[in-house]
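What follows is one structure encoded as structure tokens, with my remarks underneath.
Each reported figure results from applying straightforward, stated rules to the coordinates on display, with no laboratory input. Predicted, not measured: the structure shown is a model, and the values here were computed from it. We place every Cβ from the backbone using ideal geometry, glycine too, and count neighbours over all the protein chains shown.
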Amino acid sequence: MDGEVAALLLIELDRHLRALEPGRDPEDQRRAAHAIRGSTGMAGLTALSEALGRFERRLGAGDDTAAAEARELVIAARAALAAGEEFELPAWPTPPPGLVAPRLEASTSQLYAAEMHDRLAHLDAVLASTGGDREGAAEALRHVHTMKGAALALGDEATAWFCHGLEERLRHADRGPEQARDAIEELARSRGVLAELLVAPGEALDALRRKAAPPPSSPASPGAPAAAPPPRRAPLDPADATGPRAHDDASLRVPTATLDRLFERVRQMSESRTHVTEGASEVQHEAAQARTLRRTLLEALRLIGPPRPWGAPVVALAAIERSARELGRLGDRLEGHGTALKDAAERVRSEAAAADGELAQVRTTTAAWLFDRIAGALAAQARREGREVRIACLGGETPIERRVAEALLDPVLQLAHNAVAHGIEPAAERAARGKTRVGTVRLRADPRGGGLRLHVEDDGAGVDLADLRSRAVARGAITPEAARGADDETLLGLLFAPGFTTRDSADLLSGRGVGLDLALAAVRRLGGTIRLASRPGRGLTATLDVPLEGGLTKVLWVTAARSLLALPVLHIARVHLRADRTDEVVELGALLGAAPWDPPAPTAVAIELDLRDDAAGGPQALLGVEAVGAVEEVTLRGVSSLVMAAGPYVAAIVRGDALRLCLDAAALGKALRPGA
């Protein structure tokens, strides 16, 4: 640190240190911690500033032990600065100063604990199925990143801190096989700590601190009593209503796979009802034929007339008459069976529909479930960063399939975090620009064409595209020639590149270049897209389009360049015969780079893509294909970045014994309207 800065910081520490002495007014102590936090942050001591921020929050919550701990920390920092030494805090996994066990509300801790234990189960599966490969480490990274987001949303700083450190180690797995093995080994060592942080966070933090503490310099005296271990809280104590393990006997968690199997059984019941109805119709048809035969026999008897010596034998006539009577009774019985079968089929239909509706309610939530969790996390982040932020939520009543909502939590939370960390300016800066001192982050959900559209919008400064262009060139993300010709959308797309960041320094939430790439990957696994739109000086909007159904996505099969491809129905406005449109139509085969010696067949169909924002105008993009097939519900599977770049493709589909590719509609729209 610069000597002059260190001297000024020492004066500032001495000035506020007295307020942290025992017996001082708690509000004065909190103000002192706040002031020292700001001074150390401006001096570049980020870790120390974050630690004092934790003490400040504890003092504000009435923790009477925080002042003494904060004073100890400040004294140690002052001593190091006075000696001209660097002041360093312990590295992960040693807990930083000020970090304590969280106090979670009983109303939300149950769901939080269940979600976190689900993620632990996923990590167990990774540990059980990988020997240290990059794919396993990447999957573990996604789950740990999600756990960090959930912990931040509920104010569990201890778990968020530990997950953040573990996340950093898992990110190194992409450097090579040895690093991947090291990352998986670190995950295995950390698995127990994660579980303990959920059950007994205070004891877990104490254990980590004891592990890092140096051994005692001299052995204890033989007669001295052993130190009593700290009391251990029973992990499943039902009386502990504030712990994450608190539970309600009236609720039951059911695995999603079980619900899926139940849905499948209900669908099979509906199919069985169809077969029963068809069988009932067949029975009634046979009954009608039996009655016809009976009438034919009775008519034959009438024509034959009464028995005569030279006519038909009496025995034969009697047999015919008995057969006619039996056919009549058989027809009556068949008709009764057919009616009963139809009644049973109707009951099956009614029960299956009711069960399907009730199961759908179990598996369906609303956008409010998503927004509530994100709003809480943003409020906590804004407090940490000293920003004045208002969170506005619109469309909270929009229904979302629960798996989709859970999958969207992490990417939407990451986008919202970036809105606060990178978008919303400090209050003084906003006032200087003529804006309100309080920034706004707006979350909006709209059902749209069989899918869901989510907006994460802020009214901050937007993205400085000139700065983004220069940073991208300096970091090798794009060549100078490509940067000069790149449009705004291309430049904004660089924000999703792994490791790319617009911050010069990193903190818990941003500046590390991790998050947006994972957010895009999560949305693409749902068959969706993310688009960014920046308004200089007025903010940034992230638009997410995803299918409403979890797991299944409706696609239209199209033929282009003599290949069968899928296009998400979510992005299709209309399908026209080529002769019906005189607009300029771009052939999909040409976009996919058909070989000159194998030119694509003439396009006969024009697909109108719907890629506009709500307020956007102008013509839609027209895509020419050779033929269209059926609309089908399919499961999308992730593909590598190389396959995506060769496309544009967003996912793969296993169809029978063949692998088909799904087109990236957003990338197609950009290619169709490059100047838009």
Could you run the Karplus curve 6.51 cos²θ - 1.76 cosθ + 1.60 with θ = phi - 60° over region 287-299 and give me ³J(HN,Hα) per residue in whole Hz, x for Gly and Pro? 4, 5, 5, 4, 5, 5, 4, 4, 5, 5, 5, 5, 5
Here region 19-26 yields Karplus 3J(HN,Hα) values (6.51, -1.76, 1.60; θ = phi - 60°; whole Hz; Gly and Pro given as x) of 5, 8, 5, x, x, 6, 4, x
Could you give the nm distance between label points at S323 and D174, where each point is 7 Å from its Cα heading toward the beta carbon? 8.3
Extension length gain for D25 and L465 (0.36 nm per residue less Cα distance), in nm, is 153.6 nm
Decide, for region 106-211, between rounded, prolate and oblate: order the square roots of the alpha carbon gyration tensor eigenvalues as a ≥ b ≥ c, take rounded if a/c falls under 1.5, and otherwise choose prolate if a/b is larger than b/c, else oblate. prolate
Would you kindly derive the ³J(HN,Hα) couplings of region 196-210 from the backbone phi angles with the Karplus curve 6.51 cos²θ - 1.76 cosθ + 1.60 (θ = phi - 60°), listing them in order in whole Hz, with x for Gly and Pro? 5, 5, 7, 8, 9, x, x, 5, 5, 5, 4, 5, 5, 5, 5
FRET efficiency, 1/(1 + (r/R0)^6) with R0 25 Å, evaluated for L89 and R18 via beta carbons: 0.60
Amide H proximity to L452 below 5 Å, modelled H, separation 5+ or other chain, gives V546, L548
How do L663, L341, L73 rank when sorted from fewest to most other Cβ atoms within 10 Å of their own Cβ? L341, L73, L663
Length-normalised contact order of region 106-211 in % [C-alpha pairs under 8 Å, at least 6 apart]: 27
Kindly put V276, V412, V634 in sequence by how many other C-beta atoms sit within 10 Å of each C-beta, fewest to most. V276, V634, V412
Would you list M42, M116 from fewest to most Cβ contacts within 10 Å? M42, M116
